[in-house]
Ligand code: AMP
Ligand code: GLY
């Protein structure tokens with residue numbers, strides 16, 4: 001089987017490493033991949049947003065199956081375009097991907113089908129949004145409707161901050177058309193949990209839960225990033241919570257998408273907050289999370305390619321999705337300065353006795369060596385019987401990876417360990 005994976009980050013590297021375990025995966029291509037992924041797949045320099053380029057490549061090479069991992073190509077209709085040429089895919093069609101690419105669509109869906117989420121109002125007129133804020137309670141949450149590299153959300157502590165967030169989106173258009181509509185929503189509190197679930201539009205099979213660490217600095221300080229590290233499972237996601245989430249959120253969401261004629265097939269990501277009034281949806285993503293995937297997939301026991309094909313062929317209910325026991329921790333090594341300005345081009349070296357699994361993101365090949373080329377350079381994951389052992393092992397491995405301006409958070413897993421002690 002010739003398989004194509006669209007994307008080029010740590011998530012895609014983790015997916016490719018799992019797919020490789022299936023002996024039918026004879027050739028794997030990554031578009032565009034990266035220098036580190038190059039060890040596990042053939043990287044082809046076609047952008048993940050170049051839908052025409054992807055389709056042409058797939059036809060030319062005779063791709064049998066495609067996995068579309070990032071949000072942009074999904075929102076741009078990569079799956080629809082590949083399907084049109086008869087190439088089966090893992091990932092939702094464009095209409096279903098809107099569950100992530102439009103927060104207004106997602107919020108309205110939840111309201112219509114009674115899926116628990118923060119209360120909200122939608123505005124396409126800036127003056128109306130500003131007037132609404134005058135009588136709002138704070139903190140309030142301001143969200144751009146469209147994709148904004150995970151940076152379209154502001155938690156405004158007072159009226160001034162809220163107004164400037166609305167102006168930035170609607171007047172200054174800092175995220176372009178993504179901000180032409182905004183959602184203003186109630187501020188919720190409680191532990192956050194990420195749950196990725198396979199669904200073929202009918203069956204829903206959740207994966208092991210995880211916890212992301214989105215802020216750049218220790219103790220959840222500093223700016224939001226794409227994610228600085230993860231642990232799995234998430235100790236807050238008890239069996240009791242899981243049962244509620246499946247009944248009140250996961251199954252109703254998949255059914256709602258069917259009713260709207262937007263059957264969702266692929267990996268549906270539930271960003272949840274466990275509030276005093278039960279679990280609520282903070283966001284949906286229409287894809288695997290990054291860096292959640294780097295802790296979830298190393299714990300999978302079943303064959304990923306088999307599951308993906310079952311999703312595509314709508315026979316997930318009869319396909320096992322099983323996870324090993326134990327825990328995983330992923331520490332992201334970034335270029336100092338990320339998510340702001342940072343320097344790249346530094347050689348990456350890994351000591352021989354580094355005992356973590358490395359998922360490369362912002363690296364490129366340069367004369368047979370890897371050099372840094374992005375903000376998040378790589379993630380290193382360790383698996384162990386206990387969470388504390390996984391965290392220790394991941395940091396021991398991270399300390400054996402070097403590049404000049406290496407930066408990492410030192411407290412990945414600390415919140416999860418503290419939660420475990422409390423329970
Ligand atoms: P999002 O991009 O939607 O994942 O939001 C980024 C982060 O903002 C989330 O991980 C939450 O920590 C926070 N957030 C989003 N919506 C809310 C809300 N309604 N209440 C409190 N925090 C929120
Ligand atoms: N880690 C959050 C995301 O993938 O959007």
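No value in this document is a laboratory result; all are computed from the given coordinates. What you see is a predicted model; the values in this text were computed from it and never measured. Heads up, the Cβs are rebuilt from the backbone with ideal geometry, glycines too, and the neighbour counts pull from every protein chain shown.
Its alpha carbons give the stretch 292-409 an Rg and a Dmax of 16.8, 49 Å.
Principal axis analysis of the Cα atoms in the stretch 211-270 yields extents of 43, 27, 15 Å, listed in decreasing size. Ordered from longest to shortest, the equivalent ellipsoid semi-axes for the stretch 61-110 are 24, 9, 8 Å, each the square root of 5 times a Cα gyration tensor eigenvalue.
Each 5 Å bin from zero holds the following percent of Cα-Cα pairs in the stretch 75-222: 2, 8, 14, 18, 19, 16, 11, 7, 3, 1, 0.
Its residue count N fixes a reference of 2.2 N^0.38 Å for the stretch 158-299, and the Cα radius of gyration divided by that reference is 1.15. Considering only C-alpha atoms, what is the centroid distance from the stretch 17-69 to the stretch 169-185, in Å? Here the answer is 34 Å between Cα centres.
May I ask you to order 149-157, 326-334, 347-355, 181-189 by the average number of other C-beta atoms within 10 Å around their residues, highest value first? Display every interim value, and only then the final one.
Working: 149-157: 16.8, 326-334: 27.4, 347-355: 13.0, 181-189: 18.6.
With the highest mean Cβ count within 10 Å placed first, the list reads 326-334, 181-189, 149-157, 347-355.
Counting only DSSP beta bridges with both residues in the chain, the antiparallel share comes to about 80 percent.
Find the Cα radius of gyration of the stretch 171-253, compare it with 2.2 N^0.38 Å by division, and give the number to two decimals.
1.38
For the chain, set up a Gaussian network in which alpha carbons nearer than 10 Å are linked by springs, and say which option among 356, 368, 379 fluctuates the most. Of the options given, 368 has the highest mean-square fluctuation. If you look at the Cα atoms of the stretch 232-299, you get an Rg and a Dmax of 12.8, 35 Å.
With the Cα gyration tensor of the stretch 1-90 in hand, convert its eigenvalues to equivalent ellipsoid semi-axes via √(5λ) and list them largest first in whole Å. All intermediate terms of the calculation are to be shown ahead of the outcome.
Details: eigenvalues 65, 42, 25 Å².
Here the semi-axes work out to 18, 15, 11 Å.
Size of the stretch 21-146: Rg and Dmax of its alpha carbons, in Å, are 19.9, 61. Applying D = kT/(6 pi eta Rh) to the stretch 216-339, where Rh is the Kirkwood radius over alpha-carbon pairs, T corresponds to 4 °C and eta to 1.567 mPa s, the Stokes-Einstein value obtained is 78 µm²/s. Name the residue, out of 262, 410, 11, whose mean-square fluctuation peaks in a Gaussian network model built on the chain with Cα pairs under 10 Å. The residue with the greatest mean-square fluctuation here is 410. Considering only beta bridges that DSSP places wholly inside the stretch 43-185, some 85 percent are antiparallel. Normalising the Debye intensity of the stretch 365-405 to I(0), with uniform scatterers on Cα atoms only, and taking log10 at q = 0.21, 0.28, 0.31 Å⁻¹ returns -0.74, -0.97, -1.06.
Want the number for residue 187 to residue 85: 0.36 nm per residue separation, take away the alpha-carbon distance, what's left? The partial results should precede the final answer.
Numbers: separation 102, 0.36 × 102 = 36.72 nm, distance 4.45 nm.
Difference between extended and current length: 32.3 nm.
With coordinates expressed along the principal axes, the C-alpha atoms belonging to the chain extend over 59, 46, 44 Å, beginning with the largest.
Could you order peptides 265-272, 402-409 by the average number of other Cβ atoms within 10 Å of their residues, highest first? Write out the running numbers ahead of the final one.
Details: 265-272: 23.9, 402-409: 18.0.
Listed from highest to lowest mean packing, they are 265-272, 402-409.
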